[in-house]
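In what follows, a structure is listed as structure tokens, so that the remarks can point back to it.
The values are calculated or read from the model by the stated rules, or taken from the named source; none is laboratory data. What you see is a predicted model, and the numbers here were worked out from it, not measured in a lab. Every residue, glycine as well, gets a Cβ built from its backbone with ideal geometry; the counts of neighbours run over all protein chains shown.
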Amino acid sequence: MTLLSIRNLKSYFVTRDGVVKAVNQVSLDIFENETLGLVGESGCGKTVLALSILRLLSENTVVEGKISFKGNDLLRLNEEEMRDIRGKEIAQIFQNPLSSLNPVLTIGLQVSEPFMLHRGMKLADAWQSAISMLRAAKIPSPAERGKEYPHQFSGGMRQRAMISMGLACNPALILADEPTKGLDVTIQSQIIELMRELVKDRGASMLIITHDLAVAAELCDRIAVMYSGEIVEVSEIKDFLSNPGHPYCRGLLRSLPLNGMEPIPGNSPSLIDVPEGCRFHPRCEYAMERCRNEHPEIYEVENGRKTRCFLYA
Ligand code: SF4
């Protein structure tokens, strides 16, 4: 069953240098009880896509299309209705918890907030629920540590606190943006394991944004790959890892350390000035005449795989 359905989403914003087409005609489904990885190089539009779902983009952004969630089009709700969905139905876990946590409030109080805001609990009950969440996130001595401030927590512990806040109200969907960025490798794998456990236990779905294919391979059921503001491939993670379709995806896999770290030649285009035809054509080893002039649509290939490439037309 589809939980969230994005259709023809465009998120454009105006800068002094021109119009940035950060998300261009994106259509994507997130199913119930699945973890979908959204992968791509920095600046390809992944974070803007997540912020578009939550309607957290600045006012100079033009967002068009449809984002269906539990019978509502999120783009048509008013701000009050949207506030009710954020944190309660759709939660966010962003990178760099130090800048997301309030430095002058204790961790316990910050994790109590969603219980008071969305569940109408009084502080004493919310505090007890917050301590239970911190325990579920495997923070040792949660009753004592809940009284500490963010600067007294290590990076890994702060991310555990953010995960506690995100999951506090049992959201149906979690949007996690590079949740392990900046953490030591051993802490990264602990956080990944924790997220996998908590998300599956609660029957939630998760969209995890990452540039790290190893994280996607560990956590995801399916993967969507973005390039230059567009989705270029969607597939089961096992199919992607064994036999990627789109030439960009093949390049991504070849660039992994275990595959020889062969870089993809060239750079991603500016989102202000994207190439005509297939946006990947200046870097593609299979580029044909058609690729320079025509824009490829997404083709259904096999096993639910979709690929934006004329090789599959
Ligand atoms: Fe390469 Fe052409 Fe496919 Fe684009 S459409 S990825 S340029 S083969």
Filter the range 271-282 for residues that are more than 8 Å from the ligand (Cβ to nearest atom) and surrounded by 14 or more Cβ atoms within 10 Å (Cβ to Cβ) and give the result. Leu271, Val274, Pro275, Pro282
All conditions in (1) within 28 Å of Pro171 (Cβ to Cβ); (2) within 16 Å of the ligand (Cβ to nearest atom); (3) assigned to a loop (DSSP other than H, G, I, E, B) are true of Glu233 except (3)
Filter result for the condition that a residue is charged (D, E, K, R) and under 15 Å from Ile298 (Cα atoms), over Glu236, Glu230, Glu262, Glu276: Glu230
Quick check on Asn267: is it over 19 Å from the mean Cα position of the chain (by Cα), farther than 30 Å from Gly18 by Cα, in a loop (DSSP other than H, G, I, E, B) and more than 12 Å from the ligand (Cβ to nearest atom)? no
Where residues in the range 22-73 are surrounded by fewer than 16 Cβ atoms within 10 Å (Cβ to Cβ) and hydroxyl-bearing (Ser, Thr, Tyr), which of them is nearest to Ile264 (Cα to Cα)? Ser42
Need the failing condition index for Met121 against (1) outside any helix (DSSP H, G or I); (2) of a type outside the set (Asp, Glu); (3) buried (at least 19 other Cβ atoms within 10 Å of the Cβ); (4) free of Cβ contacts under 8 Å to residues at least 40 places away in the same chain, just the number. (3)
Among the residues in the range 219-235, are any over 15 Å from the mean Cα position of the chain (by Cα) and over 27 Å from Gln25 (Cβ atoms)? no
Starting from the range 240-252, take each residue that is near the ligand (Cβ under 9 Å from one of its atoms) and list its partners that are modelled with pLDDT under 95, counting only C-beta distances under 8 angstrom and pairs at least six apart or across chains. Tyr248/Ile264
Does Leu77 fit the bill of being under 24 Å from Ile237 (Cβ atoms), of a type in the set (A, V, I, L, M) and buried (at least 16 other Cβ atoms within 10 Å of the Cβ)? no
Residues being within 17 Å of Val215 (Cα to Cα) and surrounded by 24 or more Cβ atoms within 10 Å (Cβ to Cβ) - total across the range 237-248: 1
Considering residues that are within 11 Å of the ligand (Cβ to nearest atom) and not in a loop (DSSP other than H, G, I, E, B), the number found within the range 283-313 is 11
Could you please let me know if Pro103 is touching a helix residue (DSSP H, G or I) at 6+ places or on another chain (Cβ under 9 Å) and surrounded by fewer than 19 Cβ atoms within 10 Å (Cβ to Cβ)? yes
Val199 fails exactly one of (1) out of contact with any strand residue (DSSP E or B) (no Cβ under 6 Å at 6 or more places or on another chain); (2) at pLDDT below 95; (3) under 30 Å from Ile163 (Cα atoms); (4) not acidic (Asp, Glu), namely (1)
How many residues are touching a strand residue (DSSP E or B) at 6+ places or on another chain (Cβ under 6 Å) and either surrounded by 15 or more Cβ atoms within 10 Å (Cβ to Cβ) or among the hydroxyl-bearing types (Ser, Thr, Tyr) (or both) when one looks only at the range 4-21? 10
